[in-house]
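The values are calculated or read from the model by the stated rules, or taken from the named source; none is laboratory data. What you see is a predicted model, and the numbers here were worked out from it, not measured in a lab. Cβ sites come from the backbone with ideal geometry, for glycine too, and all protein chains shown count toward neighbours.
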Amino acid sequence: MNDKIKLTCPRCKHKWEKPLDELEKIETIFRLYEDHRKQEAQKKVVSYRAICPNDGTYIIVEVEED
């Protein structure tokens with residue numbers, strides 16, 4: 001997986017990029033929703049934890065996966 005995501009620390013506003021495979025996966029959920037054709041569909045949402053390299057703040061990011 002080469003997907004890089006952009007991260008911003010909410011405390012110190014430091015910005016950086018990190019590949020998803022280097023982040024800690026903490027939770028996977030499946031969300032049901034209705035699309036425009038009135039059919040139910042399911043999305044996989046994965047929560048990852050990152051640590052700010054500047055001040056050590058933990059950041060949780062949610063990513064929709066296929």
(request) Go through 48, 33 for me and flag whichever is surrounded by 10 or more Cβ atoms within 10 Å (Cβ to Cβ) and of a type in the set (Ser, Thr, Tyr). (result) 48
(message) Contact list please: Cβ distance under 7 Å, first residue in the stretch 41-52 and closer than 18 Å to residue 19 by Cα, second residue modelled with pLDDT under 95 and surrounded by 15 or more Cβ atoms within 10 Å (Cβ to Cβ), pairs at least six apart or on different chains.
(response) 48/20
(message) Of all residues being more than 16 Å from residue 57 (Cβ to Cβ) and not charged (D, E, K, R) in the stretch 11-25, which is modelled with the lowest pLDDT? Just the residue, please.
(response) 20
(message) Suppose the filter is more than 14 Å from the chain's Cα centre (by Cα) and at pLDDT 95 or above; does residue 8 pass it?
(response) no
